[in-house]
Amino acid sequence: MKSTVETLSPTRVRLAIEVPFVELEPSLKKAYREIGQQVQVPGFRRGKVPAVVIDQRVGRGTVLNEAVQEAIPQNILAAVREHDLKTLGRPEVEITEFADGDALNFTAEVDVRPEITLPDPATIEVTVDELQIDGSEVDNQVQSLRERFATLKTVERAAAEGDYVQIDLNATVDGEEVPGGSASNISHEVGSKQLLPGLDEALVGVAAGESATFTTELVGGDYAGREAEVSVTVRTVKEKELPELNDEFAQLASEFDTIQELRDDLRERVTRGKRVEQIYAARDKALEQLVEAADVPAPEGVVREEVESRRAAMVDQLERIGASLEEYLAAEEKTEEQIDTELTEAATQGVKIQLMLDTIADAEDTQVSDDEFGHEIVHRAQRAGMAPQQYYDQLVRSGAAGAVYGDVRRGKALASIMERIVIRDTAGNEVTLEALRAENEAEHDHEH
């Protein structure tokens, strides 16, 4: 095999590869073997069909094509090694010349990792919002805790927003009962918009034993898209009673003895959450500055693949909640072009950040231990609701284990950068990761 490399841009090269026919022989033999396994010819045992019979039956062209398809990736790999290229994404292949018995000539265009000149992280300075805790934020936390310990009490009055009701529903279209359109003794919070459109409005002012009707558009079943008349009967009305804010409540809802201690703890938690937000904001700003300072170029092919995968994930997510891309665009008041532009911008920045962090990891010879890799697998498996070994086996089968390894390595590179950049808040105070770490450890000890 002979190969030459031509640089098309800082992120893309074109390989021109020539493979003499004699070097295609192993691939050709393999192609005959595999096709021979698939064809059935009377008088020959499966897998024992001579090449000349396969040529007559299937055509020599088909066999040559199969051989070439197998030989191309192998020869690209050899050329990449020979020229010591750091390739990214999938190559685009074009066969320029090939005939039976002659050399195979083809080109492969592929994205490569650009050379990036790293700025000194210590020169990166970012500003984040000053940490300010509003009393109302603590009040909100206390309130949601009260909601969690609320009790329901039956009342002899009409339902109002925020009440809980037990209801029966019955839907008809043109007087005909809708299949599966009736349900009894459902518990529903008035105003939560959890059930049918129009139901919450119809329930307000209806007391136990009374009924109301409303119309709603059906979304599923035989009558999808049709207007249905729904009658709702209220069985009981219950109001939420919140516990009183006193030391007794603190003892019920937490490990603290007094309401003041509980409030202090909630204030600490709110503070910690805001510190984490500060660090995330600093991280995003630092990456943006680093990418800009290093003038990182984005490889087109990789960005294209990333846009396709983000778009597919988005459509998949919408399908899971029973919506289409058209409905999403209408709700967001955006065109498909706008969404594509947004996806391209986000993917471009994402790819640039990855290249940046890979370069840092290379420069610092960042290694990932088995423990660190295992920890990430366990974490991802939990998120996916799978057993770690099952999740890992699936990764290996799909060839994605390397990508996870790369993510962990980039995470370590990012952590080392965050240690060295300067973070200040809008009041001019320096924000350090140590303070956050100390707080987190204190929280950890507190929980155990």
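The values are calculated or read from the model by the stated rules, or taken from the named source; none is laboratory data. All figures in this text were calculated on a predicted structure; none of them were measured in a lab. Please note: Cβ atoms are built from the backbone with ideal geometry, for glycine as well, and neighbour counts cover all protein chains shown.
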key: Flag for GLU333 being of a type outside the set (Lys, Arg) and at positive phi   = yes
note = Within segment 45-56, the residues that are at negative phi and either surrounded by 14 or more Cβ atoms within 10 Å (Cβ to Cβ) or modelled with pLDDT under 85 (or both) are ARG45, ARG46, LYS48, VAL49, ALA51, VAL53, ILE54, ASP55
remark   = Restricted to segment 258-284 and to residues being at pLDDT 90 or above and of a type in the set (Gly, Ala, Ser), the residue surrounded by the most Cβ atoms within 10 Å (Cβ to Cβ) is ALA282
task = Return yes or no: is GLU229 in a strand (DSSP E or B), in contact (Cβ under 8 Å) with a residue 12 or more places away in the chain and more than 20 Å from GLU189 (Cβ to Cβ)?
result = yes
remark   = Among (1) among the β-branched types (Val, Ile, Thr); (2) closer than 26 Å to THR87 by Cβ; (3) in contact (Cβ under 8 Å) with a residue 60 or more places away in the chain, THR271 falls short only on (2)
ask   = Of all the residues that make up segment 346-398, how many are surrounded by 18 or more Cβ atoms within 10 Å (Cβ to Cβ), among the hydroxyl-bearing types (Ser, Thr, Tyr) and more than 28 Å from ARG311 (Cβ to Cβ)?
value = 1
note = Flagged in segment 293-342 as closer than 30 Å to ILE116 by Cβ and of a type in the set (Asp, Glu), in numbering order, are ASP295, GLU300, GLU305, GLU306, GLU308, ASP340, GLU342
ask   = Out of segment 7-30, which residues are over 14 Å from THR87 (Cα atoms) and either β-branched (Val, Ile, Thr) or in a strand (DSSP E or B) (or both)?
value = ALA16, ILE17, GLU18, VAL19, VAL22
message = Show me the strands (runs of 3 or more DSSP E) entirely contained within segment 147-190 in which 2 or more residues are small (Gly, Ala, Ser), closer than 21 Å to GLU239 by Cα and without any contact (Cβ under 8 Å) to a residue 60 or more places away in the chain.
response = 176-189
ask   = Of the residues in segment 77-97, how many are surrounded by 17 or more Cβ atoms within 10 Å (Cβ to Cβ) and over 33 Å from the mean Cα position of the chain (by Cα)?
value = 1
query = Regarding GLN354, is this residue within 30 Å of LEU118 (Cα to Cα) and assigned to a helix (DSSP H, G or I)?
reply = yes
